[in-house]
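Written below as structure tokens is the structure these notes are about.
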Amino acid sequence: ASAQFQLAVPVAVVFAPGSVPGDLPRPLPFRDVQEMEISVNLRTTVTSRYETVYRSTTAQEEAALEAATAGEADAALHPLQDASLGSLTMYVVPETSSLLPQGISVYVGKHRSALVRAEGGLAALRIRLQQLVQVMSFTAGSITAALSDRVPDGHLGPDARRHLKSSLGYEITFSLLNPDPKSHAVEWDIEDAVNRYVQPVLDKLSLVANFSVDSQILYYAVLGVTPRFDKESSSFFLSAHSLPHVINPVEARLGSSAASLYPVLNFLLYVPEHSHSPLYIQDKDGAPVSTNAFHSPRWGGIMVYNVEAPASPQASLPLRVDVDMVRVMEVFLAQLRLLFGLSREEMPPEFLLESPGNEGLADWELDRLLWAHTVENIATVSTTLTSLAQLLDKIGNIVIKDDVASEVYRAVAAAQNAMAELAAGHLHSAFQASKEAVTSSERAFFDPSLLHLLYFPDDQKFAIYIPLFLPMAVPILLSLAKIVREARQRKKEPTKMD
């Protein structure tokens with residue numbers, strides 16, 4: 001199905017006193033619209049519209065910009081901004097401003113705003129703002145990755161299929177693997193760690209989807225690959241090319257994805273057995289990986305947690321091991337960000353990004369996720385309904401109930417509404433409408449009244465009934481043939497005359 005997306009990004013460019021370029025085309029305030037085409041394939045086009053308002057600072061904003069540091073200014077400006085999702089505010093500060101550190105010309109805050117140093121005229125500023133808007137909303141790459149099912153192979157970057165597909169919910173499972181409980185008694189305070197480190201991130205992401213978190217400890221669960229022993233360092237190594245083979249045997253023990261409606265993210269902490277300690281992961285060049293962890297796209301991550309050898313060989317086994325959850329959670333949260341496509345992209349050196357702190361992601365990163373997921377949801381609905389229409393065309397005798405038809409109408413209306421809201425620059429309502437459209441289209445596609453007809457097309461019915469009827473049909477056909485033969489015989493015989 002073809003789709004024409006229009007993504008409108010509302011941007012406010014606010015000039016502090018002493019930062020207004022001399023070559024403005026008209027006096028402040030004024031509006032300006034710039035459009036960019038993102039080509040996905042022949043049938044899908046994406047137009048991004050940057051609707052920019054140029055204005056001067058208000059007295060309150062001016063006061064906020066007199067803070068000592070960029071971080072303080074960002075916090076003070078936050079209540080004064082347009083807080084709607086997907087909107088951006090850029091504050092242009094004078095070239096001599098001490099808010100931005102030496103050598104830094106752009107500061108990206110925690111919320112939906114940035115500070116930009118005024119350098120050169122309007123043309124130079126526009127280039128800088130264009131760069132910045134793409135960092136904070138979406139790039140051609142992030143939209144193409146969201147529409148990856150429609151993109152011809154070879155046109156995608158290597159990371160495009162790494163991110164999780166958009167879903168209404170996700171299940172996160174933390175598993176501690178202890179293959180050698182005789183040697184190691186491993187304790188981890190996973191509940192406290194989840195509450196402290198994971199929950200703030202999931203609270204922020206709750207707008208995107210529903211999350212459920214569970215944990216388990218698996219004993220005698222071993223990796224499917226025997227590590228290589230290195231005499232020099234007297235330690236064991238897992239090479240990069242053997243890592244894919246590690247997952248399958250472990251996954252058989254996890255058992256969580258079988259009963260799940262939603263994608264499952266697995267985070268595994270592996271404490272190597274005594275005979276394979278210490279165990280290190282090597283990258284492609286043979287160097288040890290600093291985090292001693294690796295992640296698998298759309299699946300999750302594994303971290304190897306080495307245990308200190310006992311000081312004396314007579315130490316009683318099993319050794320008690322208390323896992324350092326701070327170190328572990330740092331790695332798992334970094335992997336979680338990667339799986340959601342929130343990893344920080346390569347920035348020009350003069351960009352400074354504020355750390356999102358305890359929440360794990362900045363407001364603009366959440367918006368970035370919503371732009372991509374909204375577009376992906378609309379594309380998914382279009383594909384689902386097209387598949388349903390093709391299917392119903394093939395099955396002539398299918399009866400479509402009213403509730404299935406109404407779900408289809410609801411899905412189409414919600415998808416059209418989402419497209420209209422995107423074009424109007426209302427990201428939040430567009431995302432909500434796209435979620436409704438996905439729910440309705442899936443309800444229609446997987447409706448139980450259609451299912452039994454989908455699985456019994458006519459050729460299957462013949463395949464089932466012919467073996468049943470053939471044994472009965474043979475004697476019937478033979479006796480019919482006999483009756484016909486006898487009738488013919490009777491006709492041939494002349495009637496006897498007395």
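The values are calculated or read from the model by the stated rules, or taken from the named source; none is laboratory data. The structure presented is a predicted model; accordingly, all values stated were derived computationally and were not measured. With ideal geometry, Cβ positions are generated from the backbone for all residues, glycine too; neighbour counts draw on all protein chains shown. All accessible areas refer to the heavy atoms of the entire protein, side chains included, with ligands and DNA or RNA removed. Shrake-Rupley method; radii C 1.70, N 1.55, O 1.52, S 1.80 Å.
Quick notes on this one:
- One residue from V106, V93 being more than 26 Å from Q335 (Cβ to Cβ), in contact with an Asp or Glu (Cβ under 7 Å, 6 or more places away or on another chain) and either modelled with pLDDT of 85 or more or open to solvent by less than 50 Å² (accessible area, probe 1.4 Å) (or both): V106
- If you go through segment 224-234 and pick out every residue that is of a type outside the set (D, E) and under 20 Å from E308 (Cα atoms), you end up with 6.
- Screening segment 1-52 for residues that are farther than 23 Å from S113 by Cα and more than 29 Å from the chain's Cα centre (by Cα) and picking the one that is surrounded by the most Cβ atoms within 10 Å (Cβ to Cβ) gives D23.
- Checklist (1) farther than 30 Å from G86 by Cα; (2) open to solvent by 90 Å² or more (accessible area, probe 1.4 Å) applied to S215, failing item: (2)
- If the condition is being crowded, with 19+ Cβ neighbours inside 10 Å and not in a strand (DSSP E or B), then segment 168-182 contributes P179, D180.
- Unmet requirement for S312, which otherwise passes all of (1) out of contact with any helix residue (DSSP H, G or I) (no Cβ under 8 Å at 6 or more places or on another chain); (2) small (G, A, S); (3) modelled with pLDDT of 85 or more: (3)
- Odd one out for A414, checked against (1) touching a residue at least 40 places away in the same chain (Cβ under 8 Å); (2) open to solvent by less than 40 Å² (accessible area, probe 1.4 Å); (3) out of contact with any strand residue (DSSP E or B) (no Cβ under 7 Å at 6 or more places or on another chain): (1)
- Filter pass, E251 being under 26 Å from the mean Cα position of the chain (by Cα) and not polar (S, T, N, Q): yes
- Scanning segment 286-306 turns up at least one residue that is in contact with a Leu (Cβ under 7 Å, 6 or more places away or on another chain), surrounded by 20 or more Cβ atoms within 10 Å (Cβ to Cβ) and on the phi > 0 side of the Ramachandran plot.
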